[in-house]
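Following: one structure in structure tokens, then a few remarks.
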Amino acid sequence: MSDVRIQADAGMLIVFDADLAPQVGPSWFDPAHWHRNGQPSNRPTGGRVTAHFIETPAGAGVLRHYHRGGMVAPVLGDRYLWTGFERTRAAAEFRLLDRLYSMGLPVPRPVAACCVRHGLGYTADLITLRIAPAQTLAERTTSGTLDAGLAGRVGALVARFHNHGVWHADLNAHNILIGPQSLYLIDFDRGRLRSPAHAWQQANLARLERSLVKLGAARDGKAAFEYAVWTPLMRAYASALERQTGSP
């Protein structure tokens, strides 16, 4: 496991990996700080967060600020109810990523997370090391370059996480990265470890399927999508899950 430490600094609670960054201060979570040094560049996320590419002393990173999604977003924005530091979105995601990374799973390595109290609420940020070069599965889907081979690799990737009981709260094409050698899962906000079970695993897969269809993977019709993408993905998923669990 990493050398994880917690510190209070200028009204901010910070959890960080001292193996990567012996010292982390409030400026690390301020986009203006990196902007003054010729950064950051925005990264489209397609989700609930605002992200920036940054260059930190720990290496190339991604700085994400947490925002609410859904119907409450216009009202609550980036505020969450404070119920203790370890239960904040940022600290929980940092801890989960640190554990998954230590298990050898293909996830971004967490560098630091922070929370700032605002009365009964808080705002939060997370820094992870950047996975580059990489494309999202969403980009491959919209460009029409999602084929049976890649779909099979995605299925095997999901099976690997499911075998370890990893529940991803928002398993969609934006949160799967395709690197030169490996595939990765990103954005584990609200994710957690659970006992492997068919029901939640299938719900995860259904969410991914809806995402692919929404992005145009079924542009040639449902039957073509099933044949070229979803069937290869599910076959690889089932095969990988069987190998990993040792099922007959």
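The values are calculated or read from the model by the stated rules, or taken from the named source; none is laboratory data. Note that the coordinates shown come from a computational prediction; the quantities given were computed from them, not determined experimentally. Positions of Cβ are generated from backbone atoms using ideal geometry, with glycine treated the same way; all protein chains shown enter the neighbour counts.
From the list LEU233, LEU215, LEU241, the one residue that fits, being over 22 Å from HIS174 (Cβ atoms), in the same structural domain as GLY149 (by TED's automatic domain parsing), surrounded by 15 or more Cβ atoms within 10 Å (Cβ to Cβ) and out of contact with any strand residue (DSSP E or B) (no Cβ under 8 Å at 6 or more places or on another chain), is LEU241.
How many residues does the range 119-152 contain that are among the aromatic types (Phe, Trp, Tyr) and in contact (Cβ under 8 Å) with a residue 60 or more places away in the chain?
The qualifying residues number 0.
Within this structure, THR145 passes the test of being within 20 Å of ILE178 (Cα to Cα) and either in contact with a helix residue (DSSP H, G or I) (Cβ under 8 Å, 6 or more places away or on another chain) or not in a helix (DSSP H, G or I) (or both). Within the range 53-78, residues that are in the same structural domain as ASP30 (by TED's automatic domain parsing) sit with their Cβ atoms under 6 Å from residues that are at pLDDT 95 or above and acidic (Asp, Glu), at 6+ positions apart or across chains, in these pairs: HIS65/ASP125.
Take the residues in the range 134-173 that are of a type outside the set (Ser, Thr, Tyr) and over 23 Å from LEU241 (Cα atoms); name whichever of them is surrounded by the most Cβ atoms within 10 Å (Cβ to Cβ). In this case the residue turns out to be ALA138.
This table checks each residue for (1) farther than 18 Å from ALA92 by Cβ; (2) in contact with a helix residue (DSSP H, G or I) (Cβ under 7 Å, 6 or more places away or on another chain); (3) small (Gly, Ala, Ser); (4) without any contact (Cβ under 8 Å) to a residue 40 or more places away in the chain.
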| site | (1), (2), (3), (4) |
| --- | --- |
| TRP167 | no, yes, no, yes |
| ILE176 | yes, yes, no, no |
| PRO180 | yes, no, no, no |
| ASP189 | no, yes, no, no |
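Rundown of residues vs (1) under 28 Å from ARG194 (Cα atoms); (2) in a loop (DSSP other than H, G, I, E, B); (3) modelled with pLDDT under 90, yes/no style:
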site	(1), (2), (3)
LEU20	no, yes, no
GLN23	no, yes, no
GLY38	no, yes, yes
ASP78	yes, yes, no
LEU97	yes, no, no
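Search the range 122-133 for residues being surrounded by 13 or more Cβ atoms within 10 Å (Cβ to Cβ) and out of contact with any helix residue (DSSP H, G or I) (no Cβ under 8 Å at 6 or more places or on another chain), and hand back the single one that is farthest from LEU177 (Cα to Cα). Once the filter is applied, the top-ranked residue is TYR122.
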